[in-house]
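Here the structure comes first, spelled out in C-alpha cells, and everything after it is commentary.
The values are calculated or read from the model by the stated rules, or taken from the named source; none is laboratory data. Since the structure is predicted, the reported quantities are computational estimates derived from the model, not experimental observations. Backbone-built Cβ (ideal geometry, glycine too); neighbour counts: all protein chains shown. The protein model used for the area step is the full one, side chains on, heavy atoms only, and it has no ligands, DNA or RNA in it. Shrake-Rupley method; radii C 1.70, N 1.55, O 1.52, S 1.80 Å.
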Amino acid sequence: MADPVTFTVNGKSLQAPAGTLVIDACKRAGIEIPAFCYYEGLALQAACRMCLVEVEKAPKLLASCTLPVAEGMVVQTESPVVVQARKAMLEFLLTNHPLDCPVCDKGGECELQDMSFRYGAGESRFTEMKQHVDEKQWSPVVYFDAPRCILCYRCVRICDEGLGVKALGVTNRGVYSEITPNKGDHLDCDECGACIDICPVGALTSGIYRYQTRPWEMEHIGAICSHCGDGCKTTLGVKNDEILRGNNRDRSGINGEFLCIKGRYAFDFVSHAERLQSPMIRVDGKLEEVSWSKALAFVAQRFGEIKAAGGRFGVIGGERSTNEENYYLQKFARVGLGTPHIDHRRSGDVPALLDALHGRQGALATVDDLYNAKGVLIIGADLAQQHPLLAFQTRADSRHHQAKVFTVTEGPVREDKVAAKKLRAGPAGQLAVVKTLGEDLKAAGELVVLFGDSIQGAAVGELVSFIDSLGVPAKYICLVDYSNSRGTCDMGLLPHLGPGYQAAAQTGMGQAEMLADPALDALWVVGANPLAGAALASQQAFVVVQDMFLTETAQRADVVLPSASAYEKTGTVTNTCGQVQRLRKAISVMGVKADLDIFGLLARGMRLDLGRAVPDQVFEEIRASVHGYNVPLPVIATGGAAMTDPVHGRIPVAGQAQVIQSARDTLFTSGSLTRYSKTLNLVLEAPGELYKP
Amino acid sequence: MTFSPELEKRFAEMAAKYPEGRQKACLIPMLMYAQDEVGHMTEELKEEVAKRLNISVLEVNEVVGYYTMMRKKRMGKTHLQICTNISCLLWDGDQLWERACQKLGIGHNEVTADGKISLEEVECIGACSWAPAIQVNYDFQHHVTPEQLDKLIDDLRNA
Amino acid sequence: MYPSLLHETPHPDEQIVLGKRFRLPDSRRIDTYLASEGYQGFLKAAQMTPEQIIDEVKASNLRGRGGAGFPTGLKWSFVPRQSPKPKYIVVNGDESEPGTCKDRVLIQYDPHQLIEGILIAGRSVDAHRGWIYIRGEYRYLIDIMDEAIAEAYARGWLGKNIQGTGFDFELSTHTGAGAYECGEESALLESLEGKRGVPRIRPPFPAVSGAFQCPTILNNVETFAAVPSILRMGGQAWAALGIPKAGGTKLTCLTGHVNRMGVYELALGYPVRKMIEDIGGGIRGGKKLKAMIPGGSSCPILTGEEAWELNMDYDSMAKAKTMLGSGGVVLMDEDTDMVKAALRIIRFYQHESCGWCIPCREGTMWLKKLLTRLDEGVGTVKDIDLVGDLADNMLGRTFCPLGDAAAMPTMSIVRKFRHEFEAKLGRKTVSMAGLSQLVSITG
C-alpha cells in the first residue's frame, strides 16, 4: 500500500493511500458525494459533474471522481457553492428528461429520482419543449428509451470493459448524443442485461421484467443460479410466487453485480407450460397422472421387491441437485438399496486434480483468487461461453491488475483479447502446448490454472507436475458444467468413490455401463437426462425419474415424480471452484416436491433408516463426514460462499473406465433446461453473429 | 468495395503515417476522402472502412454521427454551404441564407428534387475577414452579394 | 486560383515578421522560402542543444496563439525527453473559433514556415513524427500543405538525416471532419486517433501523454509559424517586437462592421483605437462602435467605450475581464441587434457542444431556446435573469472550456446590453398554437 496522505474534508482530518480518488476516500469515511457517471471498477468519465467539490486554493469546483487526494488538501463537499452546483446539474439534467416517473419502470429504484429528492430543487424553471425520440427495442431483452438517458456511459463501459463485448457506443453529438447498439438498429451481444441493471434511470429496460410490477411490491430473495458451474448469486424479485426478475444490484455474492443472460433471465423455466406438476405412472404403456401417495407407494413397493429379489439397481444423480440431495441419494443407493452402481454425468476430472494436489492446502482457487491472480492460464475452455463469471473475473483481473493471461484452446476465445499469449491446439495437444509456455508462466510469478475436459486422467497429474517445476505459486480450478456438478462429485455420486472421495466399499458400474447393461433391473434417475443421447439396453428395467419436465429419460420412465427447481427449495450447492453456497426458497410451485423430500418419503415407504431428510440436518451430516465440508455455518447462512477444501490424501483413481466430457454449452444454452427457457429461446431464434450456438 | 486508383494509393500510404497498431487513426481521413467519391456515408462504405481498419461498424458509426461534415444522407451534386455565424451575420449572411432557401425551396441539409443542389447553414468556416462567405463544395467564395448568390444558383441549376 | 486573402500592400503600421513572404510571387514554393531565409532557423536549431532551443523560445515570450495564451517555451519544457516513448509534434490547424481566420493565411501563403517551426519543435524534444491536423472545411489548405510537405521531402527538408544534420522527421496532414470541439487540444488528439472529438480527462496533459499516449507538443499553427523567426532573430529580439510578458507579433483578424476587414500582423500591445481607425479604416458607414469581441466569439464582450481605451495584449484584455483569445476581433456598430448576436453565438456553441458533460450539453440547448424566445419577443423579465443564471451555472463547471466559451459571451452580453433584451419583451403576442410552433422550431 502506498504511503497514506492526510487531508481534510468538511473540517474532518482523513487519511487515505496516495492515489485514492477524493470521491472514494470520502465514501470510505462515510461522506457521500453524489455521482452518476462515476462507477467503481469502470473507467473514469468526469461527465456528469455531480461530484464537484470545493478545494481550497482551486479557482473553480473540481470533479472529485478524477481528483486524487493530496497531502494537506482541504475539501468541502457540502458548502453552499457545492450544494448550489449540484442543484444546477440536476436542473440541467431534468430539462430534457421526460418526467414520466409515474409510468416509468425504474420508478422507486431510479438514481435520478433519488438524487433529485436529496439534492435537487423543488421547482423547475424549464418551460421549453423537450426533445423527443421514440423508444426502440434492440433485442428480445433490451429496450432503449433515449430521452430518459442521462448519458452517464455506464452501459457503454460495462459492455466493453466488463463483458468484453463492446456492443454499445455513442453516436450523434451534443444534446442529440445517443447510446447506439452495434448493429445500427439492434444488438448482437451476450444479452446479459448488465447494461439494463447498471442504468441509473429508466432508459434501458428489460423486455423480460418491464411493466409487471413496482419494485417495492416484490420480495427479494438471494438464490444461486441453477445453470453453469460458476455459482453466481442471483437476487430474485418475487411477487405472488412468481419470479419476475433476477439481478444482483447489491453486489452481494461471489459475482458482485455480474450475471449473464442465464442468471438474469433464465429462471423462467420454472413457469414453463410443460412443467410437470403431478406424478405419473405408466399404465398400459402410457403415463397417467396419479396422486403423490399412490406414486410413492408404488415406487417404494417396486424398489422393495427388486431389492428383495437381489435385483440390480442403477442410480444416476443430477448436477443441479443440492449437496444434501446428492449425499442422501448416494446413501439411499449404497445403504438403502445396497447397490454400488452410482454415477452422474461427469464434465471435469475433479478427483484427478484433488489426487494430484494431495497433501497441499489452499491449492484450489476461489472466484476471488482469480480476480487477484498475477497470471491466469486457461486450458481447453471457452470461458466467455461456458463460465461467464470466471471470464468476467479474468477480464477484470487484466484491467485492474494487469494480469498476464494465457489461453490454450482449440479455437479463438474472447479471453484472447486480454491474453499475453494465445495458443491453439486440439484437446489432445493442449498439455504439450502449455509446456512451451514455461518461461512466460514463470515470469507471471503466480498462477491460477483453469482447465476443462481436455485435461483428464493422467494428464492432470502431468499438468500439476509441470506447473510445480516452474517454482511459482499456483492454484487450480477444474471446470465443470452445472450449478452443482462439483458438489455431486464431492458427495460421492461416483461408482468408485464415496463422499469426500473415500474409496467406495465396492466399485460399481458407471453411467454408460448401467445404460448398456441388459440385466439392469431398476434405474433411478434424479434430475438428469442420460437417455437424451443414449439408449437403455435393459428392456425389463423399472425406471423411476425425478424431473421438472418430461425429458427423453422421463418419457421412458415407469414412474415420473415432478421435482422442485433450485429456486423452490433450500440446501447447498458447490461451484466449480469448490465454494459452497446456500439456496433459499424463493417460490412454491403446486404439485412438485423437492428431491430430498421425495427421498425421505421413499425411505419411509421402504422402512429404511437413512436419517431425517431435512436439508439442515443432512448438511450437518455432510459437515461431519465429508472431508473439506466442515465450513463455518454463519458464512453460508448469511448468503456468503465458504470454500471447501477436499484435498487430503491420495484418491484411488486408477483403473476406472471414465467418460468425462463437458456439454460445451454456450451462453444461450443450459443442457436439457435450454428448451424450457423462453428467454434463451427468444435469443436463440434471433442468433447473433458474435455467438452462434 | 473499391475506390479510384488515386484513392486506393492514398489509403495504401496512409497506414504508415501512424504508429504501429494504431491504424484506427486512419478512420476519419479515410471516411472523408472516400465520401468525396461515394457521396455520403453509405452502409457499404462504413462496413468497408471498418473492415479495412479491423474495427467494428459501431466504432465507425460513433464517429460518423459526431462529425458535421460526414454526410448521413445523399446530398446534392453541388453542396452549398452558407455561413451565418457572427462575423458573416454582421454582413447579412443570414439574409443570404434566407434567400438561398427561398430560391431553391429547400432548407437546411435538404436537396433539390433534381439532386443538383443541397443547402447547409454552416457554422464559422474561417472566412470572417472576407464576410459574408459561402463554400461551394470545398471552394470558398468571399464577400458574396445577393446578386452573386442568385447567379451562382442559376448557373448550378442550368448546369 | 485560390481566393486572395490579402490587401495588395500591408498597412504601414503592421509589423511584418511571420508575413514577410506572403506577398512574394509563388510564396508557398520551397524555392521562394529558401531564398528568403527559409529553414535557417532550423539549421541554427540543429546546432543547439534541446535546452538551448527551449530557452530561446522562452526568451521570446511567445505565448500560445490558439486562444489560451500559455507560454510556449514552458509548455515544451514539460515534455519528458528522457521518456522511452516516442515523442510527437501535433499542429492544431482546426481554426474554428468564430471571428478567426488567420491560420488560413499562414498556410495558404507560407506553408514551409509552418514546417520549419515543426522541425524546430521536434528537435527541441527529440520528436521524429508530426501531424498537422487541419479542419475538414479547409480541404484546399490540406492540399497546399500536402504539396509543401512533398516538396520538403523531395528537397531533403523532411525525412531521414535532414540536410546532413542527422535529424529525422516524418510529417503529414490529418483532416478533421467538422467539429469545433476538436480545437480543444485533448479532443483533437482523440480525433487524431480516429475517435469522437471528446476531450480527455486532464492531467495528464499532452506534454506527458498526448498523441497515442506519448509525450506530445501540441500548439496552434501560428505558434509554430512564429518559431523560425524566433530562432533566426534570437528570442530576445523577437520579444522586443511586442511588449513585456508578451513577445512578438500577432496575426489579428478584423471582422464585422469595419471598413477594411482583413488579417493584419500587429505587434502585441497595439492600441485598439488605432487598430480600428487606422488599420481598419474606421467603423462602417462612420457609425459608432457598440461592442467588440477581442479574440473570437468565446471571449466576454466589450462595449465600444470599454474597448476603445484598451491595447491588444493578454494582460490589457485580462484587466478588462476578457481575453485576447485567438485574434479574431469582431466589431459591431451601433445598429447591431445584440439579442440576435447573443442568440447566434449560443446557437454555435449548442451546435458544437460534444455532449459529454451535462451542464454544457443541456445548458447550451436551454440557453438557445430561451434566447430564441427573447429574440422573437415572447420572453419575460424572468427569462432575461434566467439567461444569466444558467450561464453562471455552466461557468467553470463543465468538463472542458467549451462550456465557459458559451457562458462568457452570453453572460457579458446580457449584463452589458440588458436594455436591448428588455426592449424586445412583449413585442409580440402569440396564440398558443403559434407559440408551440415557434418553440418547436428551436429544437
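Note on the range A:267-371: enclosed strands (runs of 3 or more DSSP E) holding 2 or more residues that are open to solvent by 60 Å² or more (accessible area, probe 1.4 Å) and under 25 Å from A:P530 (Cβ atoms) are A:286-289.
Return yes or no: is C:M338 closer than 23 Å to B:T84 by Cα, of a type in the set (A, V, I, L, M) and open to solvent by less than 10 Å² (accessible area, probe 1.4 Å)? Judged against the criteria, C:M338 is a match.
Of the residues making up the range C:250-279, just one is at the interface with chain B (Cβ under 10 Å from one of its Cβ atoms) and free of Cβ contacts under 8 Å to residues at least 40 places away in the same chain, namely C:M261. Selection of helices (runs of 4 or more DSSP H) fully inside the range C:164-274 by the criterion of at least 3 residues being of a type in the set (V, I, T) and in contact with a Gly (Cβ under 7 Å, 6 or more places away or on another chain) returns C:221-233. Does A:A557 qualify as being in contact (Cβ under 8 Å) with a residue 12 or more places away in the chain and touching an Asp or Glu at 6+ places or on another chain (Cβ under 7 Å)? Spelling it out, it is not the case that A:A557 is in contact (Cβ under 8 Å) with a residue 12 or more places away in the chain and touching an Asp or Glu at 6+ places or on another chain (Cβ under 7 Å).
Residue check: A:H132 meets all listed conditions (1) open to solvent by less than 70 Å² (accessible area, probe 1.4 Å); (2) assigned to a loop (DSSP other than H, G, I, E, B) but one, namely (1). In this structure, A:G174 qualifies as touching a helix residue (DSSP H, G or I) at 6+ places or on another chain (Cβ under 7 Å), at the interface with another protein chain (Cβ under 7 Å from one of its Cβ atoms) and either touching a residue at least 24 places away in the same chain (Cβ under 8 Å) or among the small types (G, A, S) (or both).
Run down C:T49, C:T9, C:T72 and say which single residue is outside the structural domain of C:Y180 (by TED's automatic domain parsing) and more than 30 Å from B:V122 (Cβ to Cβ).
C:T9
Which one is surrounded by the most Cβ atoms within 10 Å (Cβ to Cβ), of the residues in the range C:356-381 that are touching a Gly at 6+ places or on another chain (Cβ under 8 Å) and without any contact (Cβ under 8 Å) to a residue 40 or more places away in the chain? Only one residue tops the list, namely C:R361.
Kindly indicate whether any position in the range C:102-123 is open to solvent by 20 Å² or more (accessible area, probe 1.4 Å), out of contact with any His (no Cβ under 9 Å at 6 or more places or on another chain), away from chain B (no Cβ under 11 Å) and closer than 15 Å to C:L158 by Cα. Write out each step before concluding.
We begin by selecting, within the range C:102-123, every residue open to solvent by 20 Å² or more (accessible area, probe 1.4 Å); these are C:109, C:123.
Those left that are additionally out of contact with any His (no Cβ under 9 Å at 6 or more places or on another chain): C:109, C:123.
Now narrow it down to the ones that are away from chain B (no Cβ under 11 Å): C:109, C:123.
Filter once more, keeping what is closer than 15 Å to C:L158 by Cα: C:123.
Within the range C:102-123, one or more residues are open to solvent by 20 Å² or more (accessible area, probe 1.4 Å), out of contact with any His (no Cβ under 9 Å at 6 or more places or on another chain), away from chain B (no Cβ under 11 Å) and closer than 15 Å to C:L158 by Cα.
In the range C:310-321 there is no residue that is touching a residue at least 60 places away in the same chain (Cβ under 8 Å) and within 14 Å of chain A (Cβ to nearest Cβ). Of A:D114, A:D24, all but one fail to be closer than 20 Å to A:G202 by Cβ, away from chain C (no Cβ under 14 Å) and free of Cβ contacts under 8 Å to residues at least 60 places away in the same chain; the exception is A:D114. Note down all Cβ pairs under 7 Å where the first residue falls in the range C:140-162 and is closer than 23 Å to B:D139 by Cβ, the second is open to solvent by less than 10 Å² (accessible area, probe 1.4 Å) and of a type in the set (G, A, S), and they're at least six residues apart or on different chains. What qualifies is C:I149/C:S172. Filter the range B:49-67 for residues that are open to solvent by 20 Å² or more (accessible area, probe 1.4 Å) and more than 9 Å from chain A (Cβ to nearest Cβ) and give the result. Across the range B:49-67, the qualifying residues are B:K51, B:R52, B:L53, B:N54, B:I55. The residue of the range A:516-540 that is nearest to A:L602 (Cα to Cα), among those that are free of Cβ contacts under 8 Å to residues at least 24 places away in the same chain and aliphatic (A, V, I, L, M), is A:L536. All told, C:E97 meets the bar of being open to solvent by 10 Å² or more (accessible area, probe 1.4 Å) and not assigned by TED's automatic domain parsing to the domain that holds C:S298.
Considering the conditions (1) open to solvent by 20 Å² or more (accessible area, probe 1.4 Å); (2) assigned to a helix (DSSP H, G or I), A:L596 is excluded by exactly one of them, (1). One residue stands out among those in the range C:224-253 that are surrounded by 24 or more Cβ atoms within 10 Å (Cβ to Cβ) and of a type in the set (S, T, Y): the one that is nearest to the chain's Cα centre (by Cα), which is C:T252.
For C:Y349, the conditions (1) over 24 Å from the mean Cα position of the chain (by Cα); (2) more than 8 Å from every other protein chain (Cβ to nearest Cβ); (3) closer than 24 Å to C:K290 by Cα; (4) hydroxyl-bearing (S, T, Y) all hold with the exception of (1).
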